[in-house]
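The values are calculated or read from the model by the stated rules, or taken from the named source; none is laboratory data. This structure is a prediction, so every number in the text was calculated from the model and none was measured. Counting neighbours? That spans all protein chains shown, and the Cβs are built from the backbone with ideal geometry, glycine included.
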Amino acid sequence: MVDSSVVLYGQTIAYTFYCLAIISVMAWFAYGVTRTGKMGGIKTGVFYSFVILLAILGVSLHIITYSTIPWVKVDLNRADYKPDKAFEITIENHQFRLPSEKMVASVGDLVLFDVKSNDLTYGFGLFRKDNSMLFQMQVIPGHRNDLLWKFEKPGVYTIRSTEYSGPKGVDMIIRNSFEVIETGRFN
Amino acid sequence: MTIIDTLIAGEQALFKPEKLTPMQKNTLRFVIIGLIYYGFAVVEGMIMRIYEIKPFPLVTQSQFFAIMTAHPLVGIFGSSYSIVFGAFLFLVPFLMKRPLWSYKLAVWTMALVGAGTFIFWGAGFISHYAPLYTLYWPLPADFSQFSPLGGAVFILGIALIMVAAFLFIINIFATITTTPEGSEKQPSGAMLSSALGLTGLRNLFTGKKKEHLVSLPVAAIARGAIDMALNSGVILFTGVLILVYMVGSLLGYDLRRTAIDALLYKNWFWWGLDLIADGLVLIFVAGTWYLLATLITGKNLFMQNIARAALFVELVVSWTVWSHHLLSDQAQPAILKVVSGEMVTAFEMMTQGLAFFITLATLWAARPLKMTNELRFLLGGLLGFSLAVPAGIMQADVGLNRILHNTQWVVGPHVHVAVLVGLTMTLYSAFYLLFPILTNGAKLYSQKLATFHFWAHLAGGIGMGAFMGMAGLNGMLRRSIYFNGEFNVFMILAGLSGCLLLAAFLSLFFNIIMSVGLRGVIGIFSPAKAET
């Protein structure tokens, strides 16, 4: 599965390019609108082409992400997948209760994170050593909060609550509590 | 005139508050209250910006989150609602060439927004009630972290603003539908139908076309007011619900919090709250763009009928997009995530894109235009939304939301750029346009300050959003505190951009005070002597 950092990198490039383009267009417009020009108005054909372009852009974003971001299909059809490893985690009183001090999975494993809240709404996210986010989900009390994730490379991750749950929630961090190791290292 | 003379009497002593009509005065009062609360929001924002660089002992963690809770509410309700209410209560009668239905109701609206904002802000300041917009049940009723008394006062303040919103809506619709005294009887049903867009909808399917009885900006105000009514109802209902738990706690009863389903609550509350963010803001802004474009150019709007239809579509879209806030909630049905969260939300790019194009085309058709303050700020507002809406569409995607939700990306390039650059610069454009009308021809003290205001606000707003976004892409969460300077490069740059926003606000405030003078400010708040 493509790492989420690669997806973010692609998004950063696309959005930066778009920002530079639209700022340039507006600067050009601001200059042009104060000048006398040949054209009296905009043709309606240009307008309808713009509408069609917006529709294509809006729909194609989701089609592209659905077919290129690997976790989307898994996420929307979780019941159809059998995890290689499952971890049940409970949260109560702003504390994570993990099944073991350190949770370990192997490279290539499809891992199920099943997180339950006994009181407030929290978040559950895995973060890399450089503080960047691998993924997150919301943890709602009274409901099942499960996420499947396939790990393609070794790494050590920090668990952190990604939702505000009052001032006490700031400290909901367990460093280096999830590790992905090379296949075979268990033996 | 010396600078002291100008400070007291205003630029060239042109501003005469005693000659203002009650409506002019009331609108200017709304503007001043809105600007003062904008100042509150900027100072709060700067405190948080500094705290995100390095937490300092003067502000405790609970106080930091109380500021974070109050900050957007002061900005939206205390500032934006004040300015929008004031402007629209003036513009609807002005555009329809009829008196406002009730001046008294307008005064009450202003008083309730001003008082309500101060009450909830004060409750947060003193008690540190900080559930952040009360979105996540049962956090608003978690009395192990928050005082129920402080929370009850906080909710009371919000409730007063919702009542003010209802008064505003009643006044707007009554002004549209009531025949003024001495005028020929007008069909109130047909006026209402035109304002809501039903006439336009009917025209699409019948050969016999009916003419539009209300202008496009008035129709936009009426349609935005529908979302405002629904939103106010949801927030009021939720406030009462939370209040029940608070009163129970104050009386010694610990009510069962699981009686409320957290996911259902979240859906309900986001549906209501989104009627502001994705409803009335976008509709009001589009209507304001159309009005500004026609007033600046003196020409008809490009593709008027399409613009009317787009406003109606936006109204319907705003009722069905809330699920994009729940894309990371695994219990939320997948069908809602895809249809409401992704597909319908993508329509916002179309509706807002149409408004963007129509406004630019109207301006372009009238060139050459002089680069006035109102035109400059209008272009800034258009740029703000053209940056912020696609950022929002990107995070409203099942795949991308998994790695963007609750990061600084959401609140930076999307929320702050939309509100600070898109919405606020649009409001500033309206302010610069209406200033001579509202003040009977008072002169702006300094054009250089107005130009500085524009560039500092634009660079500060976009800069802050961009650096927050970069921090978000690197994993920095919103609604959290980092103690070890993990994202300091981005936070320092965002803080410097915030300084530009503060400088922009101070330049505007100083420019206004010097334009109308301290005597003029006092005069605005004294009773009107002139007739409406």
Among (1) farther than 28 Å from A:N145 by Cβ; (2) surrounded by fewer than 15 Cβ atoms within 10 Å (Cβ to Cβ), which single condition is A:C19 missing?
(2)
Pick out the one residue from B:G239, B:G252, B:G248 that is within 25 Å of the chain's Cα centre (by Cα) and not charged (D, E, K, R).
B:G239
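A quick yes/no check of all residues on (1) touching a residue at least 12 places away in the same chain (Cβ under 8 Å); (2) facing chain B (nearest Cβ under 8 Å); (3) under 28 Å from B:Q408 (Cβ atoms):
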site	(1), (2), (3)
A:F96	yes, no, yes
A:P99	yes, no, no
A:L120	yes, yes, yes
A:G123	yes, yes, yes
A:Q138	yes, yes, yes
Among B:L383, B:L423, which is the only one that is modelled with pLDDT of 95 or more, more than 30 Å from A:L148 (Cβ to Cβ) and facing chain A (nearest Cβ under 8 Å)?
B:L383
Could you tell me which residue of the range B:131-147 is nearest to B:V244 (Cα to Cα), considering only residues that are part of a loop (DSSP other than H, G, I, E, B) and among the aliphatic types (A, V, I, L, M)?
B:L135
Of residues in the range B:358-375 being at the interface with chain A (Cβ under 9 Å from one of its Cβ atoms) and not in a helix (DSSP H, G or I), the one surrounded by the fewest Cβ atoms within 10 Å (Cβ to Cβ):
B:K370
Residues satisfying the stated conditions in the range B:462-519, i.e. away from every other protein chain (no Cβ under 14 Å), over 24 Å from the mean Cα position of the chain (by Cα) and within 30 Å of A:F124 (Cα to Cα):
B:I492, B:L493
Condition first: more than 7 Å from every other protein chain (Cβ to nearest Cβ) and surrounded by fewer than 12 Cβ atoms within 10 Å (Cβ to Cβ). Now tell me which residues in the range A:22-45 satisfy that.
A:S24, A:W28, A:Y31, A:K38, A:M39, A:K43, A:G45
Go through the range B:309-357 and give me each residue that's more than 9 Å from chain A (Cβ to nearest Cβ), outside any helix (DSSP H, G or I) and surrounded by fewer than 21 Cβ atoms within 10 Å (Cβ to Cβ).
B:W319, B:T320, B:P333
Can you tell me which residue among B:L58, B:L28, B:L73, B:L35 is modelled with pLDDT of 95 or more and more than 15 Å from the chain's Cα centre (by Cα)?
B:L28
At pLDDT below 95, surrounded by fewer than 22 Cβ atoms within 10 Å (Cβ to Cβ) and touching a helix residue (DSSP H, G or I) at 6+ places or on another chain (Cβ under 7 Å): is that true of B:A450 in this structure?
no
Specify which of the listed residues (B:K266, B:K299) is farther than 18 Å from B:L423 by Cβ, in contact with a helix residue (DSSP H, G or I) (Cβ under 8 Å, 6 or more places away or on another chain) and not in a helix (DSSP H, G or I).
B:K299
Limited to the range B:134-174, what total is found for residues that are polar (S, T, N, Q) and surrounded by fewer than 20 Cβ atoms within 10 Å (Cβ to Cβ)?
3
So B:G86, is it surrounded by 24 or more Cβ atoms within 10 Å (Cβ to Cβ), closer than 30 Å to B:G182 by Cβ and small (G, A, S)
yes
